[in-house]
Amino acid sequence: MTSGFSSSRRASPIGVFDSGVGGLTVLRALRQRLPAEAMIYLGDTARVPYGPKSPGTIIAYAREATAYLLSQGIKLLVLACNTATVQALDVIRREWPDLPIVGVVEPGAEAAALASKSGRIAVIATEGTVAAGAYNRAILRRRDDAQVTARPAGLLVALAEEGWVDDDIARAVVHRYLDPILAEQPDCLVLGCTHYPLLADVIREVIGPDVALVDSSTTTAAAVAAELDRRHLSAIPGAGATRYLATDGPARFARLATSFLGEPISAEAIELVTLSEPPRPLILAARA
């Protein structure tokens, strides 16, 4: 399967796909790093969470999302979902070989391998991402002397979505997850879930100043910028427009997007799409 992708489409949007709203932290980092780029964010909110689902199901969902975003004319795809990256990235790259694709695992692993002096690296992520061992393998490919400890921290997702990111509840939960990890004296901690950057201030407070903190959203944005430069696909100077697509619940999506992005987003700004139906080509609105 090929996309008919043209490498000359510098003004085309970047597509950002996530199972829900967590990837909005990646979108926020992308917009800060690449303000000239137009972007389309697609959250599969009708079928979230992906973590408990089988690899085959996740791959099928990622295929549908990729096909839909390609129908919208994207020039690069960001898999802003750890589960989709772990399960579907290789498949999507094989099936759309002309489409540049960036996942969230490799940029975080590379940053951690460079940031750690001792090689003792800790990763917190969702249970599915930890069980897959993706960060462990990616870090060890870059640094064979690394000692990687990966632990699930599922409640941090709920805290992020509730907006409980800087209170006594958040501190207690972060301590519960991180105190056993810190006892192993890592000098680098990877936030291996796109929800976790919302709790970065509390996490930094708990781990102290001497542990390097790797945020997968900012490392992914840097990787996207490098890929655009490498392929000569960077947009011309200007202000890029952003479209928001969701498969269900526009009101809830808008509420969470406002929190994740730090700016008001109305429910009317969210476009509802159905991924299981053939996508309809749509011309991107002119950039603001």
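The values are calculated or read from the model by the stated rules, or taken from the named source; none is laboratory data. Note that this is a predicted model, so its numbers are computed, not measured. Neighbour counts run over all protein chains shown; Cβ positions are idealised from the backbone, glycine included.
Just a few scattered comments:
- Test result for residue 73, part of a loop (DSSP other than H, G, I, E, B), on the phi > 0 side of the Ramachandran plot, out of contact with any strand residue (DSSP E or B) (no Cβ under 6 Å at 6 or more places or on another chain) and not aromatic (Phe, Trp, Tyr): yes
Condition check ((1) within 14 Å of the chain's Cα centre (by Cα); (2) surrounded by fewer than 24 Cβ atoms within 10 Å (Cβ to Cβ); (3) at pLDDT 95 or above) across all residues:
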residue: 2; (1), (2), (3): no, yes, no
residue: 5; (1), (2), (3): no, yes, no
residue: 27; (1), (2), (3): yes, no, yes
residue: 53; (1), (2), (3): no, yes, no
residue: 56; (1), (2), (3): no, yes, no
residue: 82; (1), (2), (3): yes, no, no
residue: 86; (1), (2), (3): yes, no, no
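- When residues in segment 172-198 are screened for being surrounded by fewer than 18 Cβ atoms within 10 Å (Cβ to Cβ), under 16 Å from residue 136 (Cα atoms) and among the small types (Gly, Ala, Ser), 0 of them pass.
- Conditions (1) under 20 Å from residue 218 (Cα atoms); (2) assigned to a loop (DSSP other than H, G, I, E, B); (3) of a type in the set (Ser, Thr, Tyr): number failed by residue 118: (1)
- On the stretch given as segment 27-59, residues that are without any contact (Cβ under 8 Å) to a residue 24 or more places away in the chain and among the acidic types (Asp, Glu) total 0.
- Residues that are without any contact (Cβ under 8 Å) to a residue 12 or more places away in the chain and small (Gly, Ala, Ser) within segment 199-219 comprise just one, 208.
- Flag for residue 138 being farther than 29 Å from residue 252 by Cα and part of a helix (DSSP H, G or I): yes
- The C-beta contact set for segment 143-163 (first residue assigned to a loop (DSSP other than H, G, I, E, B), second residue buried (at least 19 other Cβ atoms within 10 Å of the Cβ) and β-branched (Val, Ile, Thr), distance under 7 angstrom, 6+ apart or interchain) comprises 146/121; 146/139; 153/124; 154/126.
- Annotation note: of 190, 206, the sole residue that is in a helix (DSSP H, G or I) and in the same structural domain as residue 135 (by TED's automatic domain parsing) is 206.
- Which numbered condition residue 62 misses (of (1) free of Cβ contacts under 8 Å to residues at least 60 places away in the same chain; (2) in contact with a Gly (Cβ under 8 Å, 6 or more places away or on another chain)): (2)
- Scope segment 209-235; condition closer than 15 Å to residue 104 by Cβ and not in a strand (DSSP E or B); matching residues: 216, 217, 218, 219, 220, 221, 222, 223, 224, 225, 226, 227
- Scanning segment 256-266 finds no residues that are β-branched (Val, Ile, Thr) and under 21 Å from residue 148 (Cβ atoms).
- Of all residues in segment 240-249, those that are surrounded by fewer than 19 Cβ atoms within 10 Å (Cβ to Cβ) and either touching an Asp or Glu at 6+ places or on another chain (Cβ under 9 Å) or at positive phi (or both) total 3.
For (1) β-branched (Val, Ile, Thr); (2) surrounded by 15 or more Cβ atoms within 10 Å (Cβ to Cβ); (3) within 22 Å of residue 200 (Cβ to Cβ); (4) touching a strand residue (DSSP E or B) at 6+ places or on another chain (Cβ under 8 Å), each residue gets a yes or a no:
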position: 121; (1), (2), (3), (4): yes, yes, yes, yes
position: 134; (1), (2), (3), (4): no, yes, yes, no
position: 139; (1), (2), (3), (4): yes, yes, yes, yes
position: 146; (1), (2), (3), (4): no, yes, no, yes
position: 151; (1), (2), (3), (4): no, yes, yes, yes
position: 154; (1), (2), (3), (4): no, yes, yes, no
position: 162; (1), (2), (3), (4): no, no, yes, no
position: 165; (1), (2), (3), (4): yes, yes, yes, no
position: 168; (1), (2), (3), (4): no, no, yes, no
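- When segment 28-48 is limited to residues that are part of a loop (DSSP other than H, G, I, E, B) and in contact with a helix residue (DSSP H, G or I) (Cβ under 8 Å, 6 or more places away or on another chain), the one that is nearest to residue 215 (Cα to Cα) turns out to be 34.
- Condition met for residue 95 (within 13 Å of the chain's Cα centre (by Cα), over 21 Å from residue 252 (Cα atoms) and surrounded by fewer than 22 Cβ atoms within 10 Å (Cβ to Cβ)): no
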